[in-house]
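One structure is given here, and the rest of the page talks about it.
The values are calculated or read from the model by the stated rules, or taken from the named source; none is laboratory data. Remember, predicted model here, so these are calculated numbers, not experimental data. No Cβ is skipped: glycine too gets one built from the backbone with ideal geometry, and neighbour counts run over all protein chains shown. Side chains are part of the model used for accessible areas, which takes the heavy atoms of the whole protein and leaves out ligands, DNA and RNA. Shrake-Rupley method; radii C 1.70, N 1.55, O 1.52, S 1.80 Å.
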Amino acid sequence: MKIDNLGTINILAIESSCDETAAAVVQNGRKVLSNVISSQIALHEIYGGVVPELASRKHMENINPVIRQALAQAGIKLPDIDAIAVTNGPGLVGALLVGVAEAKAIAYALGKPLIGVHHIEGHIAANYIEHPDLEPPFFALVVSGGHSMLIRVADYGSYELLGSTRDDAAGEAFDKVARAIGLGYPGGPKIDRAARKGDPKAIDFPRAKIEDAPLDFSFSGLKSAVLNYINGCEMKGVSWSQEDVAASFQEAVVDVLVRNSMEAVREYGIKRFALAGGVSANTLLRARLESKLDAAGVRFFCPSLILCTDNAAMIGAAGYYAYMNGIRDGLDLNAQPNLELPMEVK
Ligand code: KG4
Ligand code: ZN
């Protein structure tokens, strides 16, 4: 897609698909004027995971103050906004609805365009913000709480799926294993931290390989292997180390993610590779992927930590390119918990 210069386009972006209430103002898709995130970690921590009903209620409380703060930090008044972009799926339906209803109300009141953004498209677009020279085509590994996918980004808004998970997503595996080994929620960052003190070679957990689809992933066997290991130790009355299990599990997940990424590099002759989604905050994954891609002469892109996990700046970046593509949604835009990312190459 050729991006015509329309001057300055300011997008107000809203994200409320899970447990972060977030708003941002993004200029021309790449310049973040503000990026406000209100995290609900403290609220859900005692339950060991996100409680959907509590998440929606907290979004309702937070959404207006978060938007006000995003506008104030950006030094922009609502009438100076050119369009409103909002995550409309996938995610928790009640949580998504808060952001979608808010975005529709603002768009209607201002008479400005409304753009529904796919959450995963936002995660990929997070890479545009700090890498002004990154433009499609490139390849991306998207690893979040609900997705594990290798994607070819053919153009802005145009994607080809090369591989995906057959069962659990990578982030889901982190969260389930963290709960099983007593680390609790949020699982990914806690395993990341515990693993630094553990031995990644202590336990040889399985690395699933799908014979006829080498770019696909499977993490449910790994999760079961961790559970079996812990149960086995407890039945034998043998103690086990939380840090060693965390490090060995993380090593197995990262091995598989990097192995499949490098397989895609070989198969498709990739020259630029971007990492996206909450699991891209993982210290070992970032370092391992970067060093393997470097050695293969592939340029590696990764958002800074604050842009890896859920935020609205990434929705503003994706929303800008949708805006430039002429995409506009009506006031019938709805929250879609299972929204699919269209994968045909246009
Ligand atoms: O993208 P995200 O914030 O929300 C979804 O779209 O799902 O991703 C959340 C996922 C969770 O499963 C969380 O455990 C994982 O990302 N995550 C991590 C790390 N930080 C977040 N996984 C591994 N290491 C991390 N440092
Ligand atoms: Zn996400």
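Select from the range 229-250 the residues that are assigned to a helix (DSSP H, G or I) and among the aromatic types (Phe, Trp, Tyr) and write down the one among them that is least open to solvent (accessible area, probe 1.4 Å).
Phe249
Residues that are away from ligand 2 (no atom under 15 Å from the Cβ): list the helices (runs of 4 or more DSSP H) wholly contained in the range 251-344 that include at least 1 such residues.
Hits in the range 251-344: 283-295, 313-324.
Provide a single number: the residues in the range 132-158 that are at negative phi and more than 16 Å from ligand 2 (Cβ to nearest atom).
15
Specify the residue that is surrounded by the most Cβ atoms within 10 Å (Cβ to Cβ); the eligible residues are those in the range 293-336 that are acidic (Asp, Glu) and over 21 Å from the mean Cα position of the chain (by Cα).
Per the stated criteria, the residue is Asp329.
Only residues that are away from ligand 1 (no atom under 16 Å from the Cβ), open to solvent by 40 Å² or more (accessible area, probe 1.4 Å) and in a loop (DSSP other than H, G, I, E, B): list them for the range 132-170, please.
Pro132, Asp133, Glu135, Pro137, Arg166
For Phe249, indicate whether it is touching a Phe, Trp or Tyr at 6+ places or on another chain (Cβ under 8 Å) and either aliphatic (A, V, I, L, M) or away from ligand 1 (no atom under 15 Å from the Cβ) (or both).
no
Please specify each residue of the range 249-296 satisfying the condition of being at pLDDT below 95 and of a type in the set (A, V, I, L, M, F, W, C).
Of everything in the range 249-296, just one residue is at pLDDT below 95 and of a type in the set (A, V, I, L, M, F, W, C), namely Ile270.
Is there a residue in the range 177-197 that is open to solvent by 30 Å² or more (accessible area, probe 1.4 Å), within 13 Å of ligand 1 (Cβ to nearest atom) and among the acidic types (Asp, Glu)?
no
If I filter the range 19-45 down to residues being touching a residue at least 12 places away in the same chain (Cβ under 8 Å) and assigned to a helix (DSSP H, G or I), which single residue comes out as surrounded by the most Cβ atoms within 10 Å (Cβ to Cβ)?
Restricting to residues being touching a residue at least 12 places away in the same chain (Cβ under 8 Å) and assigned to a helix (DSSP H, G or I), the top hit is His44.
Of all residues in the range 24-65, how many are of a type in the set (S, T, N, Q) and within 20 Å of the chain's Cα centre (by Cα)?
Number of matching residues: 6.
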